[in-house]
Amino acid sequence: MSIPLRQKISVGTYVVRQHLAGRKRYPLVLMLEPLFRCNLACAGCGKIDYPDKILNQRLSVEDCLAAVDECGAPVVSIAGGEPLLHKELATVVKGIIERKKFVYLCTNALLMEKKLDQYTPSPYFVWSVHLDGDKEMHDHSVCQDGVYDRAVSAIHKAKAKGFRVNINCTLFNTAEPGRVAKFFDTVKDIGIDAITVSPGYAYERAPDQEHFLNREKTKQLFRDIFRRGRGGRNWSFSQSSLFLDFLAGNQNYHCTPWGNPTRTVFGWQRPCYLLGEGYAKTFRELMEETDWDSYGTGNYEKCAQCMVHSGYEATAVQDAIKRPWKALTVGLRGIRTEGDMVPEIPLDRQRPAEYVFSRHVEQMLAGIGEAEVRAKEPAAAK
Ligand code: SF4
């Protein structure tokens, strides 16, 4: 089973409670980024081009657990940067599991074998290993040879120790449907528990801007992949059937950016995991003071081609809770890969993109500078 029953019940109960409480907006998955530093430099990454002073920043164990408590989402996805570079990450994970939240630890796996003994298998814990395709595809995607083999070796070791292991796979416009389907068969044979799949989002700062998918190509690519696996039923996915149906052009969903709130070293990121248009000091401030309606496909130019799970999975989950028969039908029959697609969201009323990245970086650097001066003050006074 792709998502364990315990997790489905826990998340389902949480969502129903939010509806009964009349909450219009609530988080489903906390995206926790305790650092931006990485030990790879992938061409499609928009997270690692910060100045060193920012890359050296870490969220402390206390910061991470305070974010988990403040947010209250039932699932926490730890990303980065490469989270395993954080020296106290095992303590963070332990603290989240003690709170009975489900933790997905996203990693490129280069340090996974070395650090495996710091973690304990638990129904609340999943290794989510980054693999963007077969050996050639993945090593090309991460711009380094040998990474695929090291990730697969780490997956084998983790499975032998009794861990749940998923892969997370980002697809670009170079993806060949037949090859991706074969890759999904391969990881199934390796024994991974589930696949998280997503079209690459065109980060404005990613070095490689040529190979991101637009929505039309995304839908066709996913149809062509799912067709090769009985409407996707050949593989276990860690995403809802309705989100996968959306990727194949069968659901007309709007983005739910507040479903996956993001906490980074900058603060609570507005509006989502992919876009850093501003930062709030507290989770409450993020939820109450963000103009949510100004984001999403059709509302904002930077959102025009986005179909990423951090924006649309929460929409699909809400739909599944409201219309469980719909999700069940897609799960049983598989994803439709023929026939008309739903009409696209019109883009004629979207507001133009704002480019605010450098302002946030300057503010952060100024803050770090002031903190350094303050730290030196007592010594100078002596
Ligand atoms: S559509 Fe939603 S998830 Fe995608 S970039 Fe825009 S706000 Fe973020």
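The values are calculated or read from the model by the stated rules, or taken from the named source; none is laboratory data. All figures in this text were calculated on a predicted structure; none of them were measured in a lab. Reconstructed Cβ throughout: ideal geometry from the backbone, glycine too, with neighbour counts over all protein chains shown. Each accessible area value is taken on the protein alone, full model and side chains, heavy atoms only, with ligands, DNA and RNA left out. Shrake-Rupley method; radii C 1.70, N 1.55, O 1.52, S 1.80 Å.
Numbers at a glance
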| read-out | value |
| --- | --- |
| LYS114-LYS281 FRET efficiency (beta carbon distance; Förster radius 35 Å; 0.05 resolution) | 0.45 |
| Solvent exposure ordering (accessible area, 1.4 Å, most first) of HIS309, HIS19 | HIS19, HIS309 |
| Charge dipole of the chain about the Cα centre (unit charges at C-beta), most positive-ward option of TYR148, ALA160, ILE9 | ILE9 |
| Residues LEU40 and GLU176, FRET efficiency given R0 of 22 Å [Cβ-Cβ distance, rounded to 0.05] | 0.45 |
| Per-selection Kirkwood Rh - segment 14-158 (Cα, Å, 1 d.p.) | 16.3 Å |
| Stretch gain in nm, segment ASP49-ARG230, where the contour uses 0.36 nm per residue and the Cα spacing is subtracted | 61.1 nm |
| In nm, spacing of pseudo-spin labels at LYS322 and THR91 (7 Å Cα→C-beta vector) | 4.4 nm |
| Segment 303-319 - phi-based ³J(HN,Hα) in whole Hz, Karplus 6.51/-1.76/1.60, Gly and Pro as x | 8, 3, 9, 7, 9, 7, 4, 5, x, 10, 5, 5, 4, 5, 5, 4, 4 |
| Protein-only accessible surface order, largest first, of ASP291, ASP348, ASP319, ASP193 at 1.4 Å | ASP348, ASP291, ASP193, ASP319 |
| Accessible-area value, ASP189, 1.4 Å probe, nucleic acids and ligands omitted, Å² | 130 Å² |
| Most to least accessible of LYS159, LYS101 (protein chains only, probe 1.4 Å) | LYS159, LYS101 |
| Cysteines, the chain, no other Cys beta-carbon under 4.7 Å | CYS38, CYS64, CYS71, CYS106, CYS143, CYS169, CYS255, CYS272, CYS303, CYS306 |
| 11 Å beta-carbon shell around PRO123, net charge (K/R +1, D/E -1) | +3 |
| Candidate lysines - alpha carbon under 30 Å from LYS24, same-chain residues fewer than 8 apart omitted | LYS8, LYS100, LYS101, LYS219, LYS281, LYS302, LYS322, LYS326 |
| Net dipole in debye of the chain [+1 Lys, Arg Cβ; -1 Asp, Glu Cβ; about Cα centre; nearest 20] | 1420 debye |
| Amide H contacts under 5 Å for TYR295, placed H, 5+ residues apart | none |
| GNM flexibility winner over the chain from PRO51, PRO199, PRO257 (Cα, springs under 10 Å) | PRO51 |
| Helix-derived mean residue ellipticity, 222 nm - over the chain, DSSP H n ≥ 4, -39500 (n - 2.57), to 500 | -12500 deg cm²/dmol |
| Rounded accessible area per residue of segment 88-187, 1.4 Å, Å² | 42 Å² |
| Full-stretch length increase - SER60, ALA21 - with 0.36 nm per residue and alpha-carbon distance subtracted | 10.8 nm |
| Calculated from backbone phi, Karplus (6.51, -1.76, 1.60) coupling profile of segment 245-251 in Hz, x at Gly/Pro | 5, 5, 4, 8, x, 9, 10 |
| Sorted peptide list for 361-371, 2-12, criterion being average Cβ within 10 angstrom, highest first | 2-12, 361-371 |
| Considering only the chain, percent of DSSP beta bridges that pair antiparallel, nearest 5 | 20 percent |
| Helix axis angle, 61-71 relative to the chain longest principal axis, alpha carbon, degrees | 50 degrees |
| Protein accessible area in the chain, 1.4 Å probe - carbon and sulfur % | 51 percent |
| Distant-in-sequence amide H partners of VAL103 (H built 1.01 Å from N, under 5 Å) | VAL76, PHE125, VAL126 |
| About the Cα centre, charge dipole magnitude for segment 253-382 (Lys/Arg +1, Asp/Glu -1 at Cβ), debye | 460 debye |
| Listed residues LEU84, LEU221, LEU55, most fluctuating in the chain (Gaussian network, C-alpha, under 10 Å) | LEU55 |
| Most fluctuating residue given options GLN251, GLN18, GLN318, as computed from a GNM of the chain linking Cα atoms under 10 Å | GLN18 |
| Derived scalar couplings ³J(HN,Hα) [segment 351-357; Karplus, 6.51 cos²θ - 1.76 cosθ + 1.60; whole Hz; x for Gly, Pro] | 7, x, 5, 10, 10, 10, 4 |
| Share of Cα-Cα pairs in segment 160-296 lying beyond 20 Å, as whole percent | 56 percent |
